[in-house]
Amino acid sequence: MSEIEGAVNAEYSRMLDEYITSINKDRVMALAKAKVYAQQCNELMQVNRELNKTLVAAQQQIGHKTKELEKLKKRKNAKSKDISE
C-alpha cells in the first residue's frame with residue numbers, strides 16, 4: 001500500500017506543479033498582453049495629443065486670417081464708398 005500511496009503522492013505533486021505552472025503561464029501571458037495593449041494605447045494617445053495641438057493651432061490661424069479678411073473687406077468697402085461720393 002505504501003508503494004501505491006507514494007506513487008500517488010508523487011503523481012499528485014507532479015500534476016499539481018504542472019497545474020500551477022499552467023496557471024502562472026496564463027497569468028503571465030495575460031499580463032504581457034495587457035502591457036503591450038497599454039503601450040500601444042499610450043502611443044496612440046500621444047499621437048492624438050499632437051494632432052489636437054496641431055488642430056488647435058490651425059483653428060487659431062484660421063480665426064486670425066478670417067479677422068484679417070473681414071478688416072480688409074471693411075476697408076475696401078469704406079474706400080469704395082469714399083470714391084463713389
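The values are calculated or read from the model by the stated rules, or taken from the named source; none is laboratory data. Just so it is clear, the structure is predicted and the values come from calculations on it, not from any experiment. Heads up, the Cβs are rebuilt from the backbone with ideal geometry, glycines too, and the neighbour counts pull from every protein chain shown. The area values use the complete protein model at the heavy-atom level, side chains included, leaving out ligands, DNA and RNA. Shrake-Rupley method; radii C 1.70, N 1.55, O 1.52, S 1.80 Å.
Couple of notes before you dig in:
- A straight Cα-to-Cα reach below 25 Å connects Lys65 with the lysines Lys53, Lys73, Lys74, Lys76, Lys79, Lys81, residues fewer than 8 places away in its own chain not being considered.
- The chain, accessible surface, carbon-and-sulfur percent (1.4 angstrom probe): 60
- Normalised by residue count, the chain yields a Cα convex hull volume of 54 Å³ per residue.
- Rounded to the nearest 10 degrees, the inclination of helix 2-84 to the longest alpha-carbon principal axis of the chain is 0 degrees.
- Using a probe of 1.4 angstrom and keeping all protein chains present, the accessible surface of the chain works out to 97 square angstrom per residue.
- Check: the chain dipole with +1 on Lys, Arg Cβ and -1 on Asp, Glu Cβ, in debye: 1740
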